[in-house]
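Enquirer: A single structure is presented below for examination.
The values are calculated or read from the model by the stated rules, or taken from the named source; none is laboratory data. Keep in mind the model is a prediction, meaning the values are calculated, not measured. Glycine gets a Cβ as well: all are built from the backbone with ideal geometry, and neighbour counts include every protein chain shown.
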Amino acid sequence: MPFNPENYQFLIGSHHNKNVIFTHFSYNSLKLKELREKFSTAKWSVSKRCWYLPDLKYIRIELGMIAKTEPGKTVFKQIHPINQVALKRMNELLLLKAYSPNTIKIYCTEFAQLLYLLKDTPVNTLTPERMRAYLLYCVTKLKLSENIIHSRLNAIKFYFEQVLHHDKLFFEEIPRPKKRQSLPKVLNKNDIAKLFTKVGNLKQLLMLKLCYGMGLRVSEVVNLKIIDIDSQRMLVHIESAKGKRDRYVTLPSSILDDLRSYYRNYHPKTYLFEGQYGGQYSIRSVQAVFKNAMQKAKINKSVGIHGLRHSYATHLLECGTDMFFIQKLLGHKDIKTTEIYAKVSNRQLGSVKSPLDDL
């Protein structure tokens, strides 16, 4: 049976100078088994004569002690009641359409900015001209970037077209700002090898190696489960990635022994990489590992951890891998997204000789 918090009583307290959650229940072996399977960090207190858990946010959420954070919740409180229904309806439709939690958060937060500014003016009464004036205000007064303007416009369009069912002509007179055509930031192979030598912890090293060795997004790394690794076929199943698309990527043979050694030493339960108290390893923690390694390696380049994924794609292209296969490995919906790596690859650019060298 799945773990049911209603079968237990939880009390916030302190134990050995640490914040904990004391867990009381009418003892039977099944309840104890369910608790320990759900939370590997559950411990028995001899002095308190009860089980207890570390007092962490994700555990409180699992226990139903606090609700999961609602997108735009802080902004929602500042919105006039006349427009609160609009935000609620939009949030509900996004949930029904199974948008990702991150997209829901962005859409609701961006839409809430407009609702807050409207005060007691119903958003449903806005005309295309007033909408155009609002976006002009975002550009000239708020000085928002092109990317934020795009996100805000997408959120507003979703409400008017999906919730209110307005015709798409409603936004015909509102131009989108031109996006900056930036290129992916890539590390060379020497920098990546140097970076790996500065990570002493096996778990942290493997996370970075998988980002580069399989071209994974950091969110995909922390979402990996033990059952996703198929060492017989040397494939890894990436489940519900961006766009809710599953895919398979090749498992680098050079990492297999390290993975087995890691499993023997760390004993992960569900996720391949778990935090100190169980559950998924956090994205921010992986990003911090990468940043620290960059500093220790003295690589003075403005590159985030996503640069490892960009480097993977670029290096594959330079080795002669077909663009179509790179698209599939990266999980891109459109080949045009993958083609951008041709602009940073030195496979062709490196063969071009400058006329300066002939002087």
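Enquirer: If you go through segment 12-22 one residue at a time, do you hit one that is farther than 23 Å from Gln276 by Cβ and surrounded by 14 or more Cβ atoms within 10 Å (Cβ to Cβ)?
Expert: no
Enquirer: Given the conditions (1) assigned by TED's automatic domain parsing to the domain that holds His332; (2) within 24 Å of the chain's Cα centre (by Cα), and given that Thr197 satisfies all but one, which numbered condition is not satisfied?
Expert: Every listed condition holds for Thr197 apart from (2).
Enquirer: Name the residue, out of Leu256, Leu210, that is more than 24 Å from Val303 (Cα to Cα) and not assigned by TED's automatic domain parsing to the domain that holds Leu95.
Expert: After ruling out the rest, the residue left standing is Leu256.
Enquirer: Kindly evaluate Ile21 against the criterion of being outside the structural domain of Leu153 (by TED's automatic domain parsing), among the aliphatic types (A, V, I, L, M) and at pLDDT 85 or above.
Expert: yes
Enquirer: Continuing with the same structure: Determine whether segment 213-232 contains at least one residue that is acidic (Asp, Glu), within 30 Å of Leu153 (Cβ to Cβ) and not in a loop (DSSP other than H, G, I, E, B).
Expert: yes
Enquirer: Please go through segment 238-260 and pick out each residue that is out of contact with any strand residue (DSSP E or B) (no Cβ under 6 Å at 6 or more places or on another chain) and assigned to a strand (DSSP E or B).
Expert: Thr250
Each row is one residue, and each column tells you yes or no for (1) farther than 27 Å from Gln327 by Cβ; (2) surrounded by 14 or more Cβ atoms within 10 Å (Cβ to Cβ).
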| site | (1), (2) |
| --- | --- |
| Asn201 | yes, no |
| Glu220 | no, yes |
| Asp257 | yes, no |
| His267 | yes, no |
| Tyr281 | yes, yes |
| Lys298 | yes, no |
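Enquirer: While we're looking at this one, here's another question. Going by the conditions given, is Gln287 surrounded by 15 or more Cβ atoms within 10 Å (Cβ to Cβ) and among the polar types (S, T, N, Q)?
Expert: Criteria not met by Gln287.
Enquirer: Let me ask something else about it. Filter segment 156-172 down to residues that are over 31 Å from the mean Cα position of the chain (by Cα) and part of a loop (DSSP other than H, G, I, E, B) and give me whichever is modelled with the highest pLDDT.
Expert: His166
Enquirer: Keeping to segment 265-275, report how many residues are more than 14 Å from Leu224 (Cα to Cα), in contact (Cβ under 8 Å) with a residue 24 or more places away in the chain and either assigned to a strand (DSSP E or B) or not hydroxyl-bearing (Ser, Thr, Tyr) (or both).
Expert: So the count comes out to 1.
Enquirer: Output the residues belonging to segment 276-309 that are at pLDDT 90 or above, assigned to a loop (DSSP other than H, G, I, E, B) and basic (Lys, Arg).
Expert: Lys298
Enquirer: From the list Glu274, Glu173, which residue is in contact with a Pro (Cβ under 7 Å, 6 or more places away or on another chain) and under 30 Å from Ile156 (Cα atoms)?
Expert: When all the criteria are applied, what remains is Glu173.
Enquirer: Please tell me if Ala241 is at pLDDT below 85 and surrounded by 16 or more Cβ atoms within 10 Å (Cβ to Cβ).
Expert: Yes, satisfied.
Residue by residue, here is whether (1) buried (at least 19 other Cβ atoms within 10 Å of the Cβ); (2) modelled with pLDDT of 90 or more; (3) of a type in the set (A, V, I, L, M) holds:
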| residue | (1), (2), (3) |
| --- | --- |
| Glu110 | yes, yes, no |
| Leu114 | yes, yes, yes |
| Pro122 | no, yes, no |
| Met131 | yes, yes, yes |
| Leu142 | no, no, yes |
| Ser145 | no, no, no |
| His150 | no, yes, no |
| Asn154 | no, yes, no |
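Enquirer: Would you confirm whether any residue within segment 67-76 is within 15 Å of Gly279 (Cβ to Cβ) and either among the aromatic types (Phe, Trp, Tyr) or modelled with pLDDT under 90 (or both)?
Expert: For segment 67-76, residues within 15 Å of Gly279 (Cβ to Cβ) and either among the aromatic types (Phe, Trp, Tyr) or modelled with pLDDT under 90 (or both): present.
Enquirer: Is it fair to say Tyr27 is over 29 Å from Leu164 (Cα atoms), assigned to a helix (DSSP H, G or I) and at pLDDT below 85?
Expert: No, not satisfied.
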